[in-house]
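Right, one structure below, let's go through it.
Computed from the coordinates by the stated procedures, all read-outs in this text should not be read as laboratory data. Everything numeric in this text was worked out from a predicted model, so none of it was measured. So basically every Cβ, Gly included, is an ideal-geometry build from the backbone, and we count neighbours across all protein chains shown.
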Amino acid sequence: MLACLAYLLCVGAIRTMLAYYTFEGSIDRIGDDAGAVANAGLSINDPICYVFLIDRERPGTRVIKDGSIFTYNDDMNRAYFFTDLISGSMIHEVDGGCFNGPTSIVRFNRGFESNSRFDLLTGSSDHFINIWGTSMSKWGIGTPLKAIEGAYDEHKNSSIYLSNLSLTSISDINLEPGKRLSQHGGLNSS
């Protein structure tokens, strides 16, 4: 009986460490020098929906092409944490992108919060998604946020689109069927 109770307490503690956040809205502005937005068939006012995993108990990281991992440390102004995009990316780098050197970033998994700002960053040097807005302590369903998704081509031309988003749900389970996280923090289909 005690073992069962300890297990339930442990599972409850684990479940509160992370949550899935859904942000929805529409494309507000587009810049498409690399052609990635046109390749995806996107236009102004198209709907956008991102689902992010946010784990405030794990540190934010970035992975360099050589395999080294940089961990973001909290400072006087920011508390860093782990984040990962579960779904919603609409564009990709074009022709392999341009940031392929040994110091290129192959994976951002970084969020931070300060007294006045919240910021999520995922993706790589060649393709990234950044969502930002007011501090999470002021959040509720419907809180307005901004996002940029960008990608590069082999000539360092960029494609970006800016979106106006709002927080539409927070859940301790992934509400999107058929998706799961890999052990390395990336997205896999099941």
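Stretched out fully, how many nm does the piece from R117 to S87 gain, at 0.36 nm a residue minus the Cα gap?
8.5 nm
Name the shape class, rounded, prolate or oblate, that the alpha-carbon gyration tensor gives for the stretch 18-173, where a ≥ b ≥ c are the square roots of its eigenvalues, rounded holds for a/c under 1.5, and otherwise prolate holds if a/b is larger than b/c and oblate otherwise.
The shape class here is oblate.
For the modelled label position 7 Å from the Cα of D33 along Cα-to-Cβ, which residues of the stretch 133-170 have backbone nitrogen atoms closer than 18 Å?
Residues 148-162 fall inside that zone.
Once you order the gyration tensor axes a ≥ b ≥ c over the Cα atoms, which shape class does the stretch 39-114 get: rounded for a/c under 1.5, otherwise prolate or oblate by comparing a/b with b/c?
Oblate, since a/c reaches 1.5 and b/c is not below a/b.
Once you list every other residue whose beta carbon is under 10 Å from the beta carbon of S114, what net charge do they have if Lys and Arg are +1 and Asp and Glu are -1?
Once positives and negatives cancel, what remains is -1.
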